[in-house]
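The values are calculated or read from the model by the stated rules, or taken from the named source; none is laboratory data. All values derive from a computational prediction rather than experimental measurement. Note that each Cβ is placed from the backbone with ideal geometry, even for glycine, and that neighbours are counted across all protein chains shown. Areas reflect the complete protein model, heavy atoms only, side chains present, ligands, DNA and RNA absent. Shrake-Rupley method; radii C 1.70, N 1.55, O 1.52, S 1.80 Å.
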Amino acid sequence: MGRLTTHVLNTAEGVPGAGITLELYLESPDEAGARRQLIKTVITNDDGRCDSPLLEGEAFQKGTYELHFLAGDYFEARGVSSAAPRFLDRIVLRVGLADPDQHYHVPLLVSPYSYSTYRGS
């Protein structure tokens, strides 16, 4: 059974990204163009992971998804201040999931001024 998972690492401090709000959206094309549908909102646990897959089973369908990580709020809560507007605030990762039978893992490595991602295993 396929699934979508993620985890967040705070590379500035070398710790898991615990307590980061994450929104998952599905892009659904319609006659007027693409529209975004919020699928779920979760908060990462103490290990920087979600307690369960973001998508799995029948909820996992082929399509284009966006993961929105509210990194600016996370760093502000940790006492990392930055000038307004924040350099990094909402980090949006847009991914295409072609095979609902596969495991897609999308990690986020983040600091207040940079981020990277990759397709994990």
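Return only the number of the condition from (1) at positive phi; (2) under 12 Å from the mean Cα position of the chain (by Cα) that residue 57 does not satisfy.
Failing condition for residue 57: (2).
Give the residues of the stretch 89-119 that are among the aromatic types (Phe, Trp, Tyr) and either open to solvent by 70 Å² or more (accessible area, probe 1.4 Å) or at pLDDT below 95 (or both), sorted by residue number. Before the answer, list the steps.
Narrowing the stretch 89-119 to residues among the aromatic types (Phe, Trp, Tyr): 104, 113, 115, 118.
Correct list: 113, 115, 118.
Sort through 64, 117 and tell me the only one that's closer than 17 Å to residue 6 by Cα and within 12 Å of the chain's Cα centre (by Cα).
On the way: 64 fails: within 12 Å of the chain's Cα centre (by Cα).
Result of the check over 64, 117: 117.
Just wondering, is there one or more residues in the stretch 9-20 that are open to solvent by 40 Å² or more (accessible area, probe 1.4 Å) and within 18 Å of residue 98 (Cα to Cα)?
No: the stretch 9-20 contains no residue that is open to solvent by 40 Å² or more (accessible area, probe 1.4 Å) and within 18 Å of residue 98 (Cα to Cα).
State the number of residues belonging to the stretch 71-81 that are touching a Lys or Arg at 6+ places or on another chain (Cβ under 6 Å) and surrounded by fewer than 18 Cβ atoms within 10 Å (Cβ to Cβ).
Of the residues in that region, 0 qualify.
Considering only the stretch 28-56, state which residues are surrounded by fewer than 15 Cβ atoms within 10 Å (Cβ to Cβ) and either modelled with pLDDT under 95 or in contact with a Ser or Thr (Cβ under 8 Å, 6 or more places away or on another chain) (or both).
28, 29, 30, 31, 32, 33, 34, 35, 36, 37, 41, 43
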